[in-house]
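Read through the structure below, which is laid out as structure tokens, and then see the notes.
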Amino acid sequence: MEVINMDIFNKTYTMTIDGKAVSSDRMIKVINPANEEVIASAPDAKKEDLDAAVRAAKNAFQGWSHKTIEERSDFLCRLGDAIDKHKKEFMNLLTLEQGKPRSGADWEISGSIYWCKEIAKQRLDVEVIEETPEHIVERHHTPLGVVGAITPWNFPVLLAIWKIAPALMAGNTVVLKPSPYTPLCTLKLGEIAREILPNGVLNIVSGGNELGQWITEYPEVSKVSFTGSTETGKKVMQSGASNLKRVTLELGGNDAAIVLPDVDPKAIAKDLFWASFQNSAQFCVVCKRLYVHEDVYDEVLHELVEYAKTVKVGDGSDPESDLGPIQNRMQYEKVVGLIEDTKQIGAKIALGGQVEKHPGYFVPVTIVDNPPEDSRVVIEEAFGPVLPILKYRDYDEVVERANSTPYGLAGSIWGKNLTLAKVIAERLETGTVWINEVHVFSPSIPFGGHKQSGIGIENSLDGLAEYTNSKTIMVNKK
């Protein structure tokens, strides 16, 4: 175990380029969303900073890619150990910059440690496709080169590891840009990595949208892995077309949950709540449309509202808070605007809907009772704690309504009739469907979107393969 300076979690934040600390004469102010106070400043990278980061990653590629898989695995495990050593510091900083309560911060940082250790166990072995006395055909996986990774503000540490770990295991080097709203934990991750990884293998650069565009256009970047909105994902594809970059895109969703008529409304209320509001619904795979069969609609609505009343929204640093604020003002204003639109069309609000004016981007849990299918609260991805509950009568109808969206990320089905639930699951046009559970992820489970929710796979061996080229080697033995 490396001896790491415990003072690195002070208020000085630097980028990591070629294993060295790099600052900038341009800085980004980072806001605590719970009180709107500036907590720190992060460097705003210039084009020459990105040039240096890509150059460092390119220079490090040969040495890193020629290390054995066991050597790369060991480095990744040591990175996981280093995060674990600073777990409490990461959790505290994550709450300050992202807003999530301690339970959510623990879930994210613990998950990051676990992902490092488990991805380190994955192997893309040589596949023998054909072997005869005269001929052999093998499939190999070779690294791509420099990977550009761009991460969002809702799970800044975990989603960085989702990209860093498989990219490094596959033999690539990385230039990663965190969201300008939540760069601090990622910059500290880069500082820790300086003590573990060879120079240039992992470079962390911080900045705004302009930096993201530079990365996606950069000729020496061979692949971009992006998590964010569908509209930005389209721009990533366009920018990457100049050199036919490989892309993995995990984009928006408008996930539907379907409640069958055989459920116990009281027993299911807690699960439905957290399926819909985890991380204050700033989560690409929370339920954003809850379809409930008319036979149990009233009871499910009542029990969900009653459970929601027991959940506290507040500053994530308060141990009693269950949900934190919206992470940034832009998203806060979008969510508030969606609530106001819902009121203006006359939809019935069963709970919440009253946004108080005080410091912090707080939005109360808001549940909307059977709004029109074409209303904004139904067709748009709120990415905040606003949930429409919708009544349906038959299964063909609800499947059609659930699929009537350009998105196809995930969905869930809740009921005792597992045969029926699975039939419905097979008809949903999404990359993931959970039955009687939700938000189950694993380094070994493939995750990806259909339609405009993304391209490619994260996690599992399929996700690891996204960071490689497939190479076929054939030998004539005669």
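Each value in this text was obtained by applying a stated rule to the coordinates, not by laboratory testing. Owing to the predicted nature of the structure, the values given are computational and were not obtained by experimental measurement. Cβ: placed from backbone, ideal geometry, glycine included. Neighbour counts: every protein chain shown.
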Practice task
Can you tell me the 0 to 90 degree angle between the C-alpha axis of helix 297-308 and the longest principal axis of the chain, rounded to 10?
Solution key: 60 degrees
Fill in the blank from the handout: Ranked from fewest to most other Cβ atoms within 10 Å of their own Cβ, Tyr307, Tyr291 fall in the order Tyr307, Tyr291
Practice task
With 23 Å as the limit, write out which pairs from Lys288/Lys348; Lys270/Lys334; Lys177/Lys235; Lys117/Lys471; Lys87/Lys188 have Cα-Cα distances beyond it, or answer none.
Solution key: Lys270/Lys334; Lys117/Lys471
Practice task
For segment 256-442, just the Cα atoms, rotate onto the principal axes and tell me the three extents in Å, largest first.
Solution key: 49, 36, 30
Problem - Using distinct alpha-carbon pairs, which all enter the 1/r mean, Kirkwood radius of the chain in Å - result: 23.3 Å
Completion exercise
With -39,500 (n - 2.57) per DSSP H segment of 4 or more residues and division by the full residue count of the chain, the 222 nm estimate, nearest 500 deg cm²/dmol, is -12000 deg cm²/dmol
